[in-house]
Amino acid sequence: MTDFKNTPELSESTEPAISYSTCYASFLYVVLFSGGRTSAFLAKYMKEHPHYKNCIFVFMNTGKEREETLQFADKCDKKFGLNLVYLEALVNNEKGKGTTYTIVDYKTASRNGEPFEAMLKKYPLPNNMASNCTRELKQRPIDAYLRDNYKDFDIIKVVGIRADEAHRKSVNAEIEKVIYPLCDEVKIDSRFIRNWWEKQSFDLGLKDYQGNCDLCFKKSLKKRLTIIKENPESAKWWLEMEQKYSSEEIPRFDLRTNKSIEELVEMAQRPFTKAQDLHELSQQQCDLFEFETDCFCKAS
């Protein structure tokens with residue numbers, strides 16, 4: 001069991017960060033497991049914290065998660081005893097019929113973008129202005145699953161946003177019944193997360209700029225170019241989807257930099273400043289300053 005007393009500003013008497021005026025008799029904490037290091041730490045925190053008795057852990061698989069992410073989720077599930085629920089979107093092509101879900105597992109989870117493409121057949125290309133992928137591949141399937149299986153519970157969603165990214169919290173969190181324990185109960189930052197995972201028996205085999213969704217348009221241009229440079233195959237699916245489902249109104253995924261996947265592939269072949277794993281970079285700098293060698297003036 002993790003000694004959470006050693007985490008910043010945390011003790012076993014820490015009260016959950018819930019401030020709803022109504023006292024609910026039957027809370028169900030739904031921990032949204034993204035497959036990243038922070039959400040995995042959050043899952044362990046929620047599993048072991050004495051105040052959170054009734055939790056489920058849900059992983060939404062879009063089919064575009066990297067294999068490292070799926071392997072990491074499986075290890076966390078087994079190591080932490082999460083009984084992780086793997087869900088995938090089940091898109092209904094009939095107009096007026098909403099997206100539901102199908103239950104999968106680590107072995108049967110889609111790995112070639114199948115749920116994502118099913119969404120693209122009905123909805124426009126997701127982009128910086130309208131994240132259809134988040135809505136249809138994550139939010140609506142989870143909500144449908146909870147309605148079907150936990151209708152007698154008062155649902156509290158638990159999201160792994162850290163203290164150093166508090167700006168990402170929803171301004172309507174209380175109304176939406178969302179809590180952020182790693183931001184509001186304990187002051188966890190990215191450095192703590194990486195240092196904590198370095199001490200564990202396993203870790204997510206990805207650099208921080210790679211993320212879970214392999215070439216998400218929300219990543220910075222530098223990150224996407226670096227990913228394509230390191231693994232040119234990663235662009236093929238996105239290029240095919242963009243060419244297959246583009247429209248005059250939404251011709252590409254990225255409407256922020258307005259670069260198509262084809263342009264990104266071309267840019268990645270030219271010189272550019274690559275993204276770096278900030279944690280690895282900081283460790284290299286520490287090693288540089290801690291380097292020591294013998295000299296004639298050293299006392300012996």
So the helices (runs of 4 or more DSSP H) completely within the stretch 94-195 holding 3 or more residues that are closer than 23 Å to L255 by Cα and either within 18 Å of the chain's Cα centre (by Cα) or not charged (D, E, K, R) (or both) are 114-120
Output for Cβ contacts, cut-off 8 Å, separation at least six or different chains, first residue assigned by TED's automatic domain parsing to the domain that holds R66 in the stretch 89-110, second exposed (fewer than 12 other Cβ atoms within 10 Å of the Cβ) and not aliphatic (A, V, I, L, M), reads V91/K121; N93/K121
Of those in the stretch 247-285 that are in contact with a Pro (Cβ under 9 Å, 6 or more places away or on another chain) and surrounded by 14 or more Cβ atoms within 10 Å (Cβ to Cβ), the residue farthest from L225 (Cα to Cα) is I250
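The values are calculated or read from the model by the stated rules, or taken from the named source; none is laboratory data. As the structure is a computational prediction, the values presented were derived from the model and not from experiment. As a convention, Cβ positions derive from the backbone with ideal geometry for all residues, glycine included, and neighbour counts pool all protein chains shown.
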